[in-house]
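The values are calculated or read from the model by the stated rules, or taken from the named source; none is laboratory data. Computed from a prediction, not measured in an experiment: that's the story for all the values here. Here Cβ is always computed from backbone atoms with ideal geometry, including for glycine, and neighbour counts include all displayed protein chains. Just so you know, the surface numbers come from the protein's heavy atoms only, side chains and all, with ligands and any DNA or RNA stripped out. Shrake-Rupley method; radii C 1.70, N 1.55, O 1.52, S 1.80 Å.
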Amino acid sequence: MVLLGDFNPPILAPHWLFSTGLTSKSEADEAKVDVIHPEFSNFQLSWAAIACDKTRLQIETSDIAKEFELRDMVFGIITVLEHIPLRAFGFNYSVHVKFNDIEVWHRFGHDCTPKAIWSDYLEKPGMRSLVIEGKRQGATSKRTQIKVEPSPEIETGVHIHINEHFVLDNEKTESEKRKEIETAGSSEYPEFLKHSKYVVQNLLENYFKE
């Protein structure tokens, strides 16, 4: 999850999370700290990575079992930092999937972005990144984006990243904005995760039947 607003990065540190009751002492003691600086903080708990600069806070996990614990930590942070101005927030879902057959991998890219339209301009055109934007049915978010690209992490792999972006009304009080985030996190975040997993499964299932 991502929050956009006005942050003080050095505050976001493992032992601050412990002091506010948002994590355990052992979790804070064992955190891997990359940097705590007036401009930027970056560290990893055993189950989550946290990065914060002056305008953006991101918390992510690769542990599916912790998806809602991540949401609850975001709730806790915005409750403790009750006076920090917030402008927007977003949900994110990201997966890397390996194709064992390179020809099937190429076919997936071709199906996403047919190459015939580009063959007059480029030799051996290939997809590097594709972004589709719209709205998830029933969502109150401003937009939903689905990004598909070759995975930078695994050979003959695909990276699918789904983002849902919410804009907060600046006319609302900070308390009202936090309530909106909590409402969306409680009612829409589960549906976002469900939809994201549905998108990934249905985009890829025909390529793994062979």
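Looking at the structure I just gave you, is Glu153 touching a strand residue (DSSP E or B) at 6+ places or on another chain (Cβ under 6 Å), in a loop (DSSP other than H, G, I, E, B) and either at pLDDT below 95 or exposed (fewer than 14 other Cβ atoms within 10 Å of the Cβ) (or both)?
Working: touching a strand residue (DSSP E or B) at 6+ places or on another chain (Cβ under 6 Å): yes; in a loop (DSSP other than H, G, I, E, B): yes; either at pLDDT below 95 or exposed (fewer than 14 other Cβ atoms within 10 Å of the Cβ) (or both): yes.
So Glu153 passes the test.
Take the conditions (1) out of contact with any helix residue (DSSP H, G or I) (no Cβ under 9 Å at 6 or more places or on another chain); (2) closer than 25 Å to Val199 by Cβ; (3) acidic (Asp, Glu); Glu60 misses just one of them, which is (1). A search for C-beta distances below 7 Å between a residue of region 105-120 that is open to solvent by less than 80 Å² (accessible area, probe 1.4 Å) and any residue that is assigned to a helix (DSSP H, G or I), counting only pairs 6+ apart in sequence or on different chains, returns Phe108/Tyr207. Ile117 meets each of the listed conditions (1) of a type in the set (A, V, I, L, M); (2) within 27 Å of Ser62 (Cβ to Cβ); (3) assigned to a helix (DSSP H, G or I) apart from (2). From Ile50, Ile36, which residue is of a type in the set (A, V, I, L, M) and in contact with a helix residue (DSSP H, G or I) (Cβ under 6 Å, 6 or more places away or on another chain)? Result: Ile36 is the single residue among Ile50, Ile36 that is of a type in the set (A, V, I, L, M) and in contact with a helix residue (DSSP H, G or I) (Cβ under 6 Å, 6 or more places away or on another chain). Just to be sure I understand the filter: pairs with C-beta atoms under 7 Å, separated by 6 or more residues or on different chains, first member in region 181-210 and in contact (Cβ under 8 Å) with a residue 60 or more places away in the chain, second member among the aromatic types (Phe, Trp, Tyr) and part of a helix (DSSP H, G or I). Which pairs pass? Pairs found: Glu182/Phe75; Gly185/Phe75; Tyr207/Phe108.
Glu176 - would you say it is free of Cβ contacts under 8 Å to residues at least 24 places away in the same chain and surrounded by fewer than 17 Cβ atoms within 10 Å (Cβ to Cβ)?
Numbers: free of Cβ contacts under 8 Å to residues at least 24 places away in the same chain: yes; surrounded by fewer than 17 Cβ atoms within 10 Å (Cβ to Cβ): yes.
Taking the combined requirement at face value, the residue satisfies it.
Mind telling me which of the residues Ile11, Ile50 ends up being of a type in the set (A, V, I, L, M) and open to solvent by 50 Å² or more (accessible area, probe 1.4 Å)? So that I can check it myself, show each step before the final result.
Working: Ile50 fails: open to solvent by 50 Å² or more (accessible area, probe 1.4 Å).
Exactly one of Ile11, Ile50 is of a type in the set (A, V, I, L, M) and open to solvent by 50 Å² or more (accessible area, probe 1.4 Å), namely Ile11.
Per the listing Lys194, Lys124, Lys172, the residue uniquely out of contact with any Cys (no Cβ under 8 Å at 6 or more places or on another chain), of a type in the set (Lys, Arg) and part of a helix (DSSP H, G or I) is Lys194.
Set side by side, the residues Asp29, Asp34 differ, and just one is over 28 Å from Pro190 (Cα atoms) and either crowded, with 19+ Cβ neighbours inside 10 Å or more than 22 Å from the chain's Cα centre (by Cα) (or both), which is Asp29.
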